[in-house]
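Engineer: Right, I'll just put the structure down here and ask away after.
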Amino acid sequence: MIKEFELAARPYRLRNRVQHYAWGTRNEAAFIPRLLGEAVEPGRPYAELWIGAHPKAPSQVLSDADAVPLGALIAAEPEAWLGEAVAHQFGAELPFLLKVLSAAEALSIQAHPTQEQAARLHERDPEHYPDANHKPEVAVALDGLTALVGFKPWAELRAVVSAYPEIAEFGGAMELADETALHEFYARLLRRALAEPEALEAATARLAHRLTERQAPLSETERLFLQLRVKYGGADVGLCSLFLFNLLHLQPGAGVYTEAGVPHAYLRGNIIECMANSDNVVRAGLTPKFKDVETLVEILTPQMGPAPVSTGEREAGWIIYRTPAAEFELSRRELAVGERVEIATGGRIEIYLVTRGSVRLHWADETAAYGRGASFVVPALLERFGLAAEDAAEIFRVRVPGRRL
Ligand SMILES: [Zn+2]
């Protein structure tokens, strides 16, 4: 199959896999099939669209008659696809993964390991950690994102302790002056939740009772607490975590970067997410999936303070969401009708997704149109191409950051 594929210096359309996780949007709210222009299966959740070469859901490269997994093509001709520099740095694998995420309800509270921790976890417990890679990630809101990211600043944590004594009583004394103390407190909370679920159940029941009896209107976090308590039961430690993490409301175009060890949970919204090519997740709450409290305690970064939200940096018409990750650089561009851009790839692979409008690509003496929801990969072989908006358009691009030529 791969033998018949003859790589040319041209862009290739991708066909991508949808993940139907239970927290995805459904029916009229289902965003991913709407983006792709596909029919919605009634009642089925549409959670994620994976664009890349992860073995769990590799994209297919479409050529005239064939559909071939992108990862297999890259493995066969790494330098032609990735470019010399990328192949040298990351081996014969695509280093990043692009996703469209569509959350109707909270995803689990999670953190991702560093590269070193990931390798260790994979060795120790390959069943739960099939992936030996780290997973730094950046999320950009398409139509808004509500998320919990990282621990609140110290002053706010102190306010939480006094406003919700039920949590403080359950977690034990809270001398939260520094990050070591916060780590100890949170570790104690997680471990006690595991060892004494009835005590946590009783604590969240007391808090729920107090909130429902109270005359004053509930805050967003308090409403969330009551909803999630019904959904996951009162013995889920995520219910306490809700109060300890930064609650973010990202406007369209705003992004948040989550590095290794930072606890987070997306609550609602349609987003573009870009990460290192990995599915390495350590979960600790708000999930029926495997929870690994000791590992979370081990990898947790107890950093206090506001979450790193950014609207991106403008550069030559692009909005770039810069992160410290070496594997990816996500950018976004809005194009007016008829606007044309010349793109030099610098001999590095790029992947694009059209999120609004449509664009036409020009290379050599060929051309192809890509409508809303379409995605394409530009192999390193194609060093230059033109892109013109057929109507007002928005596109996302991922590439490996590096010296631009
Ligand atoms: Zn994550």
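The values are calculated or read from the model by the stated rules, or taken from the named source; none is laboratory data. Since this is a predicted model, take the numbers as computed values, not measurements. Cβ placement follows ideal geometry from the backbone for every residue including glycine, while neighbour counts extend to all protein chains displayed. Heads up: the accessible areas ignore ligands, DNA and RNA and are worked out on the full protein's heavy atoms, side chains in. Shrake-Rupley method; radii C 1.70, N 1.55, O 1.52, S 1.80 Å.
Engineer: Leaving out ligands and nucleic acids, and using a 1.4 Å probe, what accessible area per residue does the stretch 154-244 come to in Å²?
Structural biologist: 49
Engineer: Now for a separate question. Mind pulling the angle between the C-alpha long axis of helix 115-124 and the longest principal axis of the chain? Nearest 10 degrees, somewhere in 0 to 90.
Structural biologist: Tilt of helix 115-124: around 70 degrees.
Engineer: Need one number: the % of Cα-Cα pairs in the stretch 1-121 sitting beyond the 18 Å mark. Write down the numbers at each step before the final one.
Structural biologist: Values: 4518 of 7260 pairs.
Considering the stretch 1-121, 62 percent of its Cα-Cα pairs are separated by more than 18 Å.
Engineer: Once the Cα atoms of helix 154-163 and of the chain are each reduced to a long axis, what angle between those two axes, in degrees from 0 to 90 to the nearest 10, is obtained?
Structural biologist: 50
Engineer: On to the next question. Tell me which residues come under 5 Å, amide H to amide H, from ARG44 once H is placed; ignore anything under 5 positions away on its chain.
Structural biologist: ASN27
Engineer: Moving on. Of the heavy-atom accessible surface of the chain (probe 1.4 angstrom), what whole percent is carbon and sulfur?
Structural biologist: Values: 8730 of 17100 Å².
About 51 percent, which is the carbon plus sulfur part of the accessible surface.
Engineer: Quick one: divide the alpha-carbon radius of gyration of the stretch 109-163 by 2.2 N^0.38 Å and tell me what you get. Provide the component values of the computation, followed by the final result.
Structural biologist: Numbers: Rg = 16.3 Å, N = 55, 2.2 N^0.38 = 10.1 Å.
That works out to 1.61 for the stretch 109-163.
Engineer: Quick one: putting +1 on the C-beta of Lys and Arg, -1 on the C-beta of Asp and Glu, what dipole do you get for the chain around its Cα centre, in Debye to the nearest 20?
Structural biologist: Numbers: 42 positive and 54 negative charges, 144 e Å.
Charge dipole of the chain: 700 debye, to the nearest 20.
Engineer: Could I ask something else about it? Hand me the trypsin sites (Lys or Arg not before Pro) from the stretch 212-272 located in a DSSP loop with no more than 13 other Cβ atoms within 10 Å, in residue order please. Working shown, then result.
Structural biologist: Working: sites: ARG214, ARG223, ARG229, LYS231, ARG268; in loops: ARG214.
The qualifying sites are ARG214.
Engineer: What angle, in degrees between 0 and 90 and rounded to the nearest 10, separates the Cα long axis of helix 197-213 from the longest principal axis of the Cα atoms of the chain?
Structural biologist: Value to nearest ten degrees: 90.
Engineer: Quick one: net charge around VAL337, please, counting Lys, Arg +1 and Asp, Glu -1 for every other residue with C-beta under 9 Å from its C-beta.
Structural biologist: Details: positive: none; negative: GLU339, GLU390, ASP391.
Combined, the nearby Lys, Arg, Asp and Glu give -3.
Engineer: Give me the net charge for the shell around LEU145: Cβ to Cβ below 15 angstrom, other residues only, Lys and Arg +1, Asp and Glu -1. Numbers along the way, then the final one.
Structural biologist: On the way: positive: LYS99, ARG268, ARG332; negative: GLU48, GLU105, GLU137, ASP143, GLU220, GLU273.
Combined, the nearby Lys, Arg, Asp and Glu give -3.
Engineer: In addition: Write down, largest first, the equivalent ellipsoid semi-axes of the stretch 154-244 in whole Å, where each equals the square root of 5 times an eigenvalue of the alpha-carbon gyration tensor. Don't skip to the answer; put the middle values down first.
Structural biologist: Working: eigenvalues 84, 54, 21 Å².
Over the Cα atoms of the stretch 154-244, the semi-axes work out to 21, 16, 10 Å.
Engineer: How long, wide and thick is the stretch 318-399, going by the Cα atoms along their three principal axes, in whole angstroms, largest first?
Structural biologist: 34, 25, 18
Engineer: Using Stokes-Einstein with the Kirkwood hydrodynamic radius over Cα pairs, what translational diffusion coefficient do you get for the stretch 66-183 at 4 °C and a viscosity of 1.567 mPa s, in µm²/s rounded to a whole number? Before the final figure, lay out each step's value.
Structural biologist: On the way: Rh = 18.8 Å.
So the translational diffusion coefficient is about 69 µm²/s.
Engineer: For MET174, what is the net charge nearby, where nearby means another residue's Cβ is under 14 Å from its Cβ and Lys, Arg count +1, Asp, Glu -1? Before the final figure, lay out the partial values.
Structural biologist: Values: positive: LYS152, ARG158, ARG188, ARG192; negative: GLU156, GLU166, GLU169, GLU175, ASP178, GLU179, GLU184.
Net local charge, MET174 excluded: -3.
Engineer: Sticking with this structure for a sec: For the stretch 295-353, what relative contact order do you get, as a whole percent, if you take Cα pairs closer than 8 Å and at least 6 residues apart?
Structural biologist: Values: 29 pairs, mean separation 10.1, N = 59.
Reported relative contact order: 17 percent.
Engineer: Now for a different question. What is the projected area of the convex hull of the Cα atoms of the stretch 202-282, averaged over all directions, in nm²?
Structural biologist: Working: hull surface 27.7 nm².
One quarter of the hull surface, i.e. the mean projection, equals 6.9 nm².
Engineer: Mind scanning LYS56/LYS289; LYS152/LYS289; LYS135/LYS289 and naming the pairs with a C-alpha gap bigger than 22 Å? Write out the running numbers ahead of the final one.
Structural biologist: Details: LYS56/LYS289 17 Å; LYS152/LYS289 26 Å; LYS135/LYS289 19 Å.
Checking Cα-Cα distances, LYS152/LYS289 exceed 22 Å.
Engineer: For the chain, just list the percent of Cα-Cα distances falling in each 10 Å bin from zero outward, please.
Structural biologist: 5, 21, 31, 23, 13, 6, 1, 0
Engineer: Now for a separate question. With r defined as the distance between the Cβ atoms of ALA326 and ALA195 and R0 fixed at 45 Å, what FRET efficiency is calculated, to the nearest 0.05? Could the numbers behind the result be given before it?
Structural biologist: Details: r = 39 Å, r/R0 = 0.88.
Efficiency computed from Cβ-Cβ geometry: 0.70.
Engineer: Determine by what factor the alpha-carbon radius of gyration of the stretch 258-350 differs from 2.2 N^0.38 Å, reporting the quotient. Intermediate results must be reported in sequence, preceding the final value.
Structural biologist: Values: Rg = 17.6 Å, N = 93, 2.2 N^0.38 = 12.3 Å.
Taking the Cα Rg and dividing by 2.2 N^0.38 Å, one obtains 1.43.
Engineer: Something else about it: Return a whole-number percent for the relative contact order of the chain, with Cα pairs under 8 Å and 6 or more residues apart as the contact set.
Structural biologist: Numbers: 941 pairs, mean separation 87.5, N = 405.
This gives 22 percent for the chain.
Engineer: List every residue whose amide H lies under 5 Å from the amide H of THR355, counting only residues 5 or more places away in sequence or on a different chain, with H placed 1.01 Å from N in the peptide plane.
Structural biologist: Counting only residues 5 or more places away or on other chains, the set is GLY373, GLU394, ILE395, PHE396.
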